[in-house]
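Novice: My questions will all concern the structure given below.
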Amino acid sequence: MVHEAVSPSPRFLEPKDLSLLQQVLGHHANDSTKLLQILREVQEHLGFIPNAAVSFIAEALDIPRNRIESVASFYSFLHLRSQGTYRVLFSDNITDRMLGSQTLMERMCQQLWLQPGKVSEDGLLSIGTTSCTGMCDQGPAMLVNERAITKLTHQRIQEIGQLIRNRTPLNDWPADFFYVEDNIHRAGLILGNTMAYGEALQAGLTLGGAAIVDVVKRSGLRGRGGAGYPTGLKWEACRNAKGNQHYVVCNADEGEPGTFKDRVLLTRQADLVFEGMTLCALAVGAKQGFLYLRGEYRYLLDHLKGVLQRRRESNLLGVDILGQSGFDFDIEIHLGAGAYICGEESALIESLEGERGVPRNRPPFPVTQGYLQQPTALDNVETFCQAALAIHMGADKYSAIGTSKSTGSKLISVSGDCPRPGIYEYPFGVSVQEILNDCGAVNTRAVQISGPSGICIGEHEFGRKLGFEDLPTAGAFMVFDDSRDMFEVARNFVHFFAHESCGFCTPCRVGTSMLKQTMDKIAAGQGTHYDLAEVENLDHVLQTTSHCGLGRTACNPVLHTLKHFRPAYESRLKSLSFKPAFDLDGALARARQMTGRDDAGAHLKENE
């Protein structure tokens, strides 16, 4: 809701900080639904969100302090206490680990005399990890104050450490540190697109809203987020839903480890994304759209704002678009703040409204009660691109590409053990082996399709094809050769789910933690076959009782790798019988040392 401008008491804020807060609040019209954006902008200027700022914002927006503190504590990129002038986060994705990220982080900690997770005594910096930066094709990667640095080496770590010691402002760091490559190795329908700006939109205006929906339905286009819901049906339901206002939302919060296609689309084909959103607005009757951009892609914000402004100046956004009276539509960009769960559509909407990104109960679905409880058409970046192309090409021509149940093309984010990681675009129906050949992978042991929540396949399945008939995918394609320990791959994924659980529902909050403890127990050599059986029981509980998809897919990495690579687990098991998580005999080792005894009587007897 929007409030009248007020002048709350500063409560020990410096004059310049007070002025900044007033500017930020004024820019967002004292609108509490913009709380996340307000907090992000305040932190970008002040380094964190101090207590006095929380009080000031709460009074200005007429909301409780605890709501602000609750929202700030939910997002990993927001901080109520200083994390240092430099906040360094190493990507902890499995592909970054495979490239040596852990060793590099240890090297930086030694160089700067700092423990991971701690803030230096002089308040200069802190060093930690983040789940994934979306730079899997050019890791190891890190974020410094949320600015991405790729292709880390020991030499680069040394240079970064010196820059931090010298307190060099980030804007004065070498520009090549922040260079992000697109790494496009195979272009197709989208990446090879050469349409002029507005061309698809003009075709849509000729058709009209109802006909746009009909074309998208007949094209067979399905959502590219992995679930594959028919896009035309979604737009039709939103068009027919009753509401005071309709909205269009683009989900650019691709937080799934191993996925980075949206990063490239927003760099190379931003106009096509916005064209698809505008066509959707014409179809469903929306006047306002939002692009929710993941916080790790903060560096794209100025570029995207520039594209939007150019489209406004070209009458492709704004009032009476392309001269069509009453066709009014514009787009705002909202930045996320480091919460994987916000990739779930209802959690994303909660975040857009300035709340914690906790998934909603469904039904009702966003098409009838989405943003501000109004009808909302929400699709991801690639889906809007495909929709624009389908409308421009026509349903028949578009549906001839791909397969009968999976029409069009698919962007694949390839990372891991291959000499040519990056983006590959194929018509649906491409085999896993063809992709492996194109990226130069050899001696491949496994491929993880669609990230940790997807499916892990072994080499006997490389003839399978990507598509909703066989292997549906959101785009991640992680390659593991025969040197990799698939137990450790699954363990990394399990840690990811435990870290990213929003904590709303008990099954997921407790279940992901139990799964993590089980994998750590096996890694420590204390696991048994009983633990492996318990994973299947835990999966049943999470599948049937979790509030959202995160909990329901959390056991997938373990179950899939157990199916194909069971020896990687069994070689670590201590015995075939049950072993408690607590090793009592091990705990008595200190007592034996103190008494100088290590005979059989000083040990607990084990029953084999």
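Novice: Among the residues that make up the stretch 190-204, is at least one of them touching a Leu at 6+ places or on another chain (Cβ under 7 Å), farther than 18 Å from Leu316 by Cα and not in a helix (DSSP H, G or I)?
Specialist: Yes, that holds for at least one residue.
Novice: Let me ask something else. Restricting to the stretch 501-537, give me the number of residues that are closer than 14 Å to Gly551 by Cα, not in a helix (DSSP H, G or I) and not hydrophobic (A, V, I, L, M, F, W, C).
Specialist: The qualifying residues number 2.
Novice: Taking the condition within 30 Å of Ala227 (Cα to Cα) and at pLDDT below 90, does Gly503 pass?
Specialist: Answer is yes for this residue.
Novice: Which residues, counting only those in the stretch 16-37, are assigned to a helix (DSSP H, G or I) and within 14 Å of Glu332 (Cβ to Cβ)?
Specialist: His27, Thr33, Lys34, Leu36, Gln37
Novice: Can you confirm whether Phe504 is hydrophobic (A, V, I, L, M, F, W, C) and outside the structural domain of Tyr424 (by TED's automatic domain parsing)?
Specialist: In short, yes.
Novice: Quick one: how many residues across the stretch 165-180 are assigned to a helix (DSSP H, G or I) and over 16 Å from Leu104 (Cα atoms)?
Specialist: Final tally of qualifying residues: 7.
Novice: Right, another one. So for the stretch 96-110 (the condition being among the basic types (Lys, Arg), more than 20 Å from Glu500 (Cα to Cα) and surrounded by 16 or more Cβ atoms within 10 Å (Cβ to Cβ)), does at least one residue qualify?
Specialist: Here is the first cut: in the stretch 96-110, the residues among the basic types (Lys, Arg) are 97, 107.
Narrowing the set further to residues that are more than 20 Å from Glu500 (Cα to Cα) leaves 107.
Imposing the further condition that a residue be surrounded by 16 or more Cβ atoms within 10 Å (Cβ to Cβ) reduces the set to 107.
Checking the stretch 96-110: at least one residue is among the basic types (Lys, Arg), more than 20 Å from Glu500 (Cα to Cα) and surrounded by 16 or more Cβ atoms within 10 Å (Cβ to Cβ).
Novice: Follow-up. For the stretch 58-78, which positions are over 28 Å from Pro169 (Cα atoms), touching a helix residue (DSSP H, G or I) at 6+ places or on another chain (Cβ under 7 Å) and assigned to a helix (DSSP H, G or I)?
Specialist: Ala58, Ala60, Leu61, Arg65, Ile68, Glu69, Val71
Novice: Regarding Glu41, is this residue over 30 Å from Ser483 (Cα atoms), acidic (Asp, Glu) and part of a helix (DSSP H, G or I)?
Specialist: Answer is yes for this residue.
Novice: Turning to a different aspect of this structure: In the set Arg222, Arg218, Arg186, Arg239, which member is modelled with pLDDT of 95 or more, surrounded by fewer than 17 Cβ atoms within 10 Å (Cβ to Cβ) and over 14 Å from Glu345 (Cβ atoms)?
Specialist: Arg218
Novice: Restricting attention to the stretch 228-258, report how many residues are assigned to a helix (DSSP H, G or I) and without any contact (Cβ under 8 Å) to a residue 24 or more places away in the chain. Give the steps one after another, and end with the answer.
Specialist: Of the residues in the stretch 228-258, the ones assigned to a helix (DSSP H, G or I) are 231-240.
Within this subset, residues satisfying the condition of being without any contact (Cβ under 8 Å) to a residue 24 or more places away in the chain are 232-233, 236, 240.
The qualifying residues number 4.
Novice: Out of the stretch 104-125, which residues are within 23 Å of the chain's Cα centre (by Cα) and touching a residue at least 24 places away in the same chain (Cβ under 8 Å)?
Specialist: Matches in the stretch 104-125: Met105 only.
Novice: When the residues of the stretch 558-582 are narrowed to those that are under 20 Å from Asn492 (Cα atoms) and of a type in the set (S, T, N, Q), which ends up modelled with the highest pLDDT?
Specialist: Checked the stretch 558-582; the qualifying residue modelled with the highest pLDDT is Thr561.
Novice: Pick out, from the stretch 374-481, the helices (runs of 4 or more DSSP H) lying fully within it that include 2 or more residues that are surrounded by 24 or more Cβ atoms within 10 Å (Cβ to Cβ) and β-branched (Val, Ile, Thr).
Specialist: Working: elements: 381-393, 395-399, 432-439.
Filter on the stretch 374-481 gives 381-393.
Novice: I'd like to know if the stretch 280-289 contains one or more residues that are assigned to a strand (DSSP E or B), under 23 Å from His392 (Cα atoms), touching a residue at least 24 places away in the same chain (Cβ under 8 Å) and among the small types (Gly, Ala, Ser).
Specialist: yes
Novice: Let me ask something else. Out of everything in the stretch 107-161 that is of a type in the set (D, E, K, R) and in a loop (DSSP other than H, G, I, E, B), what residue ends up being nearest to Glu44 (Cα to Cα)?
Specialist: My answer is Glu146.
Novice: Quick check on the stretch 355-373: of everything there that is in contact with a Leu (Cβ under 9 Å, 6 or more places away or on another chain) and either among the small types (Gly, Ala, Ser) or over 21 Å from Ala252 (Cβ atoms) (or both), which residue is surrounded by the most Cβ atoms within 10 Å (Cβ to Cβ)?
Specialist: Ranking the candidates gives Gly370 first.
The values are calculated or read from the model by the stated rules, or taken from the named source; none is laboratory data. All values derive from a computational prediction rather than experimental measurement. Cβ: placed from backbone, ideal geometry, glycine included. Neighbour counts: every protein chain shown.
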